[in-house]
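Trainee: Here's a structure for you.
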């Protein structure tokens with residue numbers, strides 16, 4: 001037996017407007033109408049994006065591609081993983097420095113720190129290029 005909640009949400013699809021931070025729910029009268037609405041909205045979106053991109057110069061298209069690359073879930077997860085690895089290496093370095101044996105290779109940790117600094121510099125430059133000005137500085141991250 002289906003619950004009232006399941007009947008209420010039958011043939012409903014949602015549209016999320018990222019810039020507005022709002023979600024709209026649209027209820028169709030049948031599954032076919034729901035599918036038709038979704039296909040029409042996707043076609044309209046694709047046509048609008050193509051029309052907008054047609055009017056953009058090459059540098060803006062590259063900037064948008066860089067922003068899309070940087071915002072991709074895999075890129076963000078990779079950056080987070082790098083931060084975690086850097087944090088763990090810092091913990092190891094501090095623990096080794098505070099140990100009584102204190103036989104660490106200082107040059108190795110300096111090289112690792114320089115490598116992470118270079119990686120973070122490139123990451124910052126990609127972020128700034130893709131999101132320059134307001135989106136970059138207004139981000140909480």
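The values are calculated or read from the model by the stated rules, or taken from the named source; none is laboratory data. Because the structure is predicted, anything quoted here is derived from the model rather than measured. Ideal geometry is used to build each Cβ from the backbone, glycine not excepted, and the neighbour counts take in all protein chains shown.
Trainee: Among the residues in segment 94-101, are any modelled with pLDDT of 85 or more, in contact with a helix residue (DSSP H, G or I) (Cβ under 6 Å, 6 or more places away or on another chain) and within 30 Å of residue 118 (Cα to Cα)?
Mentor: no
Trainee: When you look at residue 117, is it under 23 Å from residue 59 (Cα atoms) and at pLDDT 95 or above, yes or no?
Mentor: No; evaluated as a whole, the condition is false for this residue.
Trainee: Condition (residue is in contact (Cβ under 8 Å) with a residue 24 or more places away in the chain, in contact with a helix residue (DSSP H, G or I) (Cβ under 7 Å, 6 or more places away or on another chain) and in the same structural domain as residue 131 (by TED's automatic domain parsing)) applied to segment 53-66: is it met by at least one residue?
Mentor: So far as segment 53-66 goes, yes, one or more of its residues are in contact (Cβ under 8 Å) with a residue 24 or more places away in the chain, in contact with a helix residue (DSSP H, G or I) (Cβ under 7 Å, 6 or more places away or on another chain) and in the same structural domain as residue 131 (by TED's automatic domain parsing).
Trainee: Another question, then. Of the residues that make up segment 130-140, is at least one modelled with pLDDT of 90 or more and either surrounded by fewer than 13 Cβ atoms within 10 Å (Cβ to Cβ) or out of contact with any strand residue (DSSP E or B) (no Cβ under 9 Å at 6 or more places or on another chain) (or both)?
Mentor: no
Trainee: Can you name the helices (runs of 4 or more DSSP H) wholly within segment 1-111 that have at least 3 residues being exposed (fewer than 10 other Cβ atoms within 10 Å of the Cβ)?
Mentor: 4-8, 31-54, 73-98
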